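The values are calculated or read from the model by the stated rules, or taken from the named source; none is laboratory data. Here the structure is a predicted model, which is why all the values come from computation and not from measurement. Cβ sites come from the backbone with ideal geometry, for glycine too, and all protein chains shown count toward neighbours.
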Amino acid sequence: MQYERLVQWAREIWQQRWPDQPYITIWASAECSNMIAQQQIRAGRKLRGRAHYKGLEPLECPAIVPISDYGSRGKKMVLTATSGAYAFKFVMDGEPFEVIYASSYFDDDVQDLTAIALVPADKLDTWAAFEFICARAVRPRIRRRRDVYIIGGTDAFFDPNVEWDDVILPEELKNDLLDDVEAFFHEGVQIYRQLKLAPFRKLLLAGVPGTGKTMLCAAMAKRAIAKGRIVVYVSGADRDGASFEKIQRAFQAVTAARYPVLLIVEELDAYLQGDDKARVLNVLDGVESPNNPEGSLLLATTNYPEAIDERIVKRPGRLDRIFIIPTIQDRIQAEKMLRHYMADQWRPEHVAVVNRLIDQPGAFVREVALHARMLAAHSRRTEVALDMLEESVEGLLRQMNAERDFLTTRRPLGLAATNRRSRRFED
Ligand SMILES: Nc1ncnc2c1ncn2[C@@H]1O[C@H](COP(=O)(O)OP(=O)(O)O)[C@@H](O)[C@H]1O
Ligand SMILES: [Mg+2]
């Protein structure tokens, strides 16, 4: 067993360095060998209980293959999780001591670092404090931008600057959503509190990709900010993926906010895939939900509602309401969308393509309009002729069909098993 080799190696090192010092062998936290933690935590750092960290010495352990993960922090690529062996040095009341530490991958299938450490028998408190600050250094960062906290997604693009009127969806649906949110913040919070419940309401926006869910969240965020609420935005779209850790960080921000909070969690389905599922369910059940006395409203989105299984949808209280965000339903909606994206280049004859836009998401119409307008500009024309618009519709439809065929024929090769995106809402 790999961990036995690590412990054996560490014991030999211990014998050479501290032959008279009793130690305990523990499962340690893999964050201590994370390069982000090692960069951030400098020698001299004070730890709880009169101890200081004095730096580290890398050790050669023949049982460990050194290898690193990497990811972006701000604009730079940096090394992150790393396997390796170290002597971490500390001093307490003038007495130096060390922790011999080794972290390694254990098998080919699970890319999980596991770490062991030999700690002086009476220094477990210091080591625990050190592990704690390492874990904190590595956690996805919260970036605060005026009234918006963004969790994860170092490069995530979330701009709470969308106008409510720019979201083209059935008015009834938009009003319904807005009424729900306002009713919660105005009356709901009091009622929850009277009932001694944490004021936490949970809404889900579900629909195929490109129907405007993210846009709706951004427009909601803009309104929330205007009303003095705080927005917490959680993105699963970075290297850390959809980890429960992010939800926990979000909840810390929510609980500490001291203002009403709009909590946006994109692609909720992704959090329900792995081991974290039980914990996410606990959150939805209220067992682990944040208690912000000013009220917090969760606005979650999903492109794959079938991944949000019956346990959530059918059980009362887990999600308070699901809003289906539809594709374009009729000619009126289609024309409105097309006019919006053609802007001042709209011409009445463009109405001829409107029928072909029904059942498509808004993102499709935007692409069609952009493409047609670029074609026109490229041939130095100020007007977008109808045939250009038609060509643009045809071209995009062809491209989408080709993609679909490609994915379908590839499926037997095993793409379907690994590619979440092949389990499309619409098929
Ligand atoms: N209902 C809509 N009204 C206006 N524009 C839309 C709409 N739906 C999609 N779009 C356009 O398509 C882009 C992608 O939509 P997005 O909100 O990211 O979709 P989703 O989050 O549902 O996948 C938007 O930025 C916008 O330009
Ligand atoms: Mg989206």
>> With under 30 Å from residue 368 (Cβ atoms) and more than 16 Å from ligand 2 (Cβ to nearest atom) as the only criterion, which of 197, 205, 178 stands out?
In response: 178
> Could you say which residue among 242, 221, 307, 256 is farther than 29 Å from residue 361 by Cα and either outside the structural domain of residue 362 (by TED's automatic domain parsing) or at pLDDT below 85 (or both)?
Replying inline: 256
> Within segment 231-238, is there a residue that is within 16 Å of ligand 1 (Cβ to nearest atom) and among the polar types (S, T, N, Q)?
Replying inline: yes
>> I'm checking my understanding of the structure. Among residues of segment 168-210 that are without any contact (Cβ under 8 Å) to a residue 40 or more places away in the chain and acidic (Asp, Glu), which one is farthest from ligand 1 (Cβ to nearest atom)?
In response: 187
>> So, residue 355, is that one in a helix (DSSP H, G or I) and modelled with pLDDT under 95 or not?
In response: no
>> Just to be sure before I move on: is residue 334 away from ligand 1 (no atom under 12 Å from the Cβ), free of Cβ contacts under 8 Å to residues at least 60 places away in the same chain, touching a Leu at 6+ places or on another chain (Cβ under 7 Å) and assigned to a helix (DSSP H, G or I) in the structure I sent?
In response: no
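Would you confirm whether any residue within segment 312-319 is in the same structural domain as residue 169 (by TED's automatic domain parsing), part of a helix (DSSP H, G or I) and at pLDDT below 95? Don't jump to the end; show me each part of the working.
Going through segment 312-319, the residues in the same structural domain as residue 169 (by TED's automatic domain parsing) turn out to be 312-319.
From what's left, part of a helix (DSSP H, G or I): 312-313.
Among the residues that remain, those that are also at pLDDT below 95 are: 312-313.
Yes, there is a match, as at least one residue in segment 312-319 is in the same structural domain as residue 169 (by TED's automatic domain parsing), part of a helix (DSSP H, G or I) and at pLDDT below 95.
Working carefully through the options 261, 265, 254, find the one that is within 12 Å of residue 298 (Cβ to Cβ), within 16 Å of ligand 1 (Cβ to nearest atom) and crowded, with 20+ Cβ neighbours inside 10 Å. Even if it seems obvious, please write down each step before you answer.
Values: 261 fails: within 16 Å of ligand 1 (Cβ to nearest atom); 254 fails: within 16 Å of ligand 1 (Cβ to nearest atom).
Only one candidate passes the filter, namely 265.
Results for (1) surrounded by 11 or more Cβ atoms within 10 Å (Cβ to Cβ); (2) over 18 Å from residue 1 (Cβ atoms), shown as yes or no for each residue.
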residue	(1), (2)
24	yes, yes
27	no, no
53	yes, yes
60	no, yes
91	yes, yes
113	yes, no
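Can you find, within segment 358-404, the residue that is nearest to ligand 2 (Cβ to nearest atom) among those that are assigned to a loop (DSSP other than H, G, I, E, B) and more than 16 Å from residue 210 (Cβ to Cβ)?
First, pick out the residues of segment 358-404 that are assigned to a loop (DSSP other than H, G, I, E, B): 358-361, 379-385.
Applying the additional criterion that residues be more than 16 Å from residue 210 (Cβ to Cβ) yields 379-385.
Details: 379: 33, 380: 36, 381: 34, 382: 34, 383: 33, 384: 28, 385: 33 Å.
Among those that are assigned to a loop (DSSP other than H, G, I, E, B) and more than 16 Å from residue 210 (Cβ to Cβ), it is 384.
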> If you go through segment 238-261, how many residues are in contact (Cβ under 8 Å) with a residue 60 or more places away in the chain, in a loop (DSSP other than H, G, I, E, B) and more than 16 Å from ligand 2 (Cβ to nearest atom)?
Replying inline: 4
>> Suppose the filter is part of a helix (DSSP H, G or I), within 16 Å of ligand 1 (Cβ to nearest atom) and surrounded by 17 or more Cβ atoms within 10 Å (Cβ to Cβ); does residue 270 pass it?
In response: yes
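I'm checking my understanding of the structure. Among residues of segment 262-303 that are polar (S, T, N, Q) and within 16 Å of ligand 2 (Cβ to nearest atom), which one is farthest from residue 147 (Cα to Cα)?
303
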>> Give me the residue from segment 350-366 that is surrounded by 20 or more Cβ atoms within 10 Å (Cβ to Cβ) and within 26 Å of the chain's Cα centre (by Cα) and, out of that set, farthest from ligand 1 (Cβ to nearest atom).
In response: 364
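Listed here are the residues, each with its yes/no results for (1) outside the structural domain of residue 165 (by TED's automatic domain parsing); (2) at positive phi; (3) of a type in the set (D, E, K, R).
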site	(1), (2), (3)
275	no, no, yes
292	no, no, no
340	yes, no, no
368	yes, no, no
> Taking segment 29-51 only, how many residues are surrounded by 19 or more Cβ atoms within 10 Å (Cβ to Cβ) and part of a helix (DSSP H, G or I)?
Replying inline: 7
>> Quick check on residue 282: is it in a helix (DSSP H, G or I) and either polar (S, T, N, Q) or surrounded by 23 or more Cβ atoms within 10 Å (Cβ to Cβ) (or both)?
In response: yes
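For residue 200, indicate whether it is farther than 28 Å from residue 334 by Cα, at pLDDT 95 or above and among the hydrophobic types (A, V, I, L, M, F, W, C). Outline the logic, then answer.
Details: farther than 28 Å from residue 334 by Cα: yes; at pLDDT 95 or above: no; among the hydrophobic types (A, V, I, L, M, F, W, C): yes.
No: the conditions fail for residue 200.
Condition first: surrounded by 15 or more Cβ atoms within 10 Å (Cβ to Cβ) and either on the phi > 0 side of the Ramachandran plot or in a loop (DSSP other than H, G, I, E, B) (or both). Now tell me which residues in segment 1-20 satisfy that.
Initially, segment 1-20 is screened for residues surrounded by 15 or more Cβ atoms within 10 Å (Cβ to Cβ), giving 2-3, 5-7, 9-10, 13-14, 18.
Scanning segment 1-20 gives a single hit, 18.
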